[in-house]
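What follows is a single structure, written as structure tokens, with notes after it.
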Amino acid sequence: MRGVCVRTHGRRRRFLRELQKTLDVKASCEAAAMGRSAAYAWRREDAVFAADWDKALAAGTEERKVKREREWAEYRARWG
């Protein structure tokens, strides 16, 4: 029998923070100590959580884009 995932504010915060950082649902679930099926069920059943999930992915994607652009600019400045 599988355990029940209690939906707490702390678990939600850990999941979303890790998702923004890694863009990886599995890693985010591990950080929040919950299974992927529980995360996807939470997303399906809670529109606010789903919107925050989408925002975390968008923010993480933007952060990676900015980081790559900065690294590329530094590379071009150094190597021409």
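Counting pairs of alpha carbon atoms under 8 Å apart in space and at least six apart in sequence, what relative contact order in percent does region 1-46 give?
Relative CO of region 1-46 lands at 31 percent.
With a 1.4 Å probe and all protein chains left in place, how much accessible area per residue does the chain have, in Å²?
Per-residue value: 75 Å².
Once you place label points 7 Å from the Cα toward the Cβ at THR22 and ALA41, how far apart are they in nm?
2.1
Please report the accessible area of ASP54 (heavy atoms, 1.4 Å probe, ligands and nucleic acids excluded) in Å², nearest 10.
Here the accessible area works out near 80 Å².
What does the helix-only formula give at 222 nm for the chain: each DSSP H stretch with n ≥ 4 adding -39500 (n - 2.57), the total divided by the residues, and the result rounded to the nearest 500 deg cm²/dmol?
Helices in the chain give a 222 nm mean residue ellipticity of -26500 deg cm²/dmol.
Please compute, for the alpha-carbon atoms of the chain, the extent along each of the three principal axes and give them in descending order in Å.
Sorted from largest, the Cα extents of the chain read 59, 24, 18 Å.
Round to a whole number: what % of the accessible area of the chain belongs to carbon and sulfur, probe 1.4 Å?
Carbon with sulfur: 53 percent of the solvent-accessible area.
Over the Cα atoms of region 41-80, what radius of gyration and what Dmax do you get, in Å?
So, for region 41-80, Rg and Dmax equal 16.5, 52 Å respectively.
In what order, largest first, do CYS5, CYS29 sit by accessible area if the probe radius is 1.4 Å? Don't jump to the answer; show the numbers that get you there.
On the way: CYS5 35, CYS29 5 Å².
Result, largest first: CYS5, CYS29.
The values are calculated or read from the model by the stated rules, or taken from the named source; none is laboratory data. Source: prediction; values computed, not measured. Note that each Cβ is placed from the backbone with ideal geometry, even for glycine, and that neighbours are counted across all protein chains shown. For the accessible areas, the whole protein counts, side chains as well, though only heavy atoms, and no ligand, DNA or RNA atoms are used. Shrake-Rupley method; radii C 1.70, N 1.55, O 1.52, S 1.80 Å.
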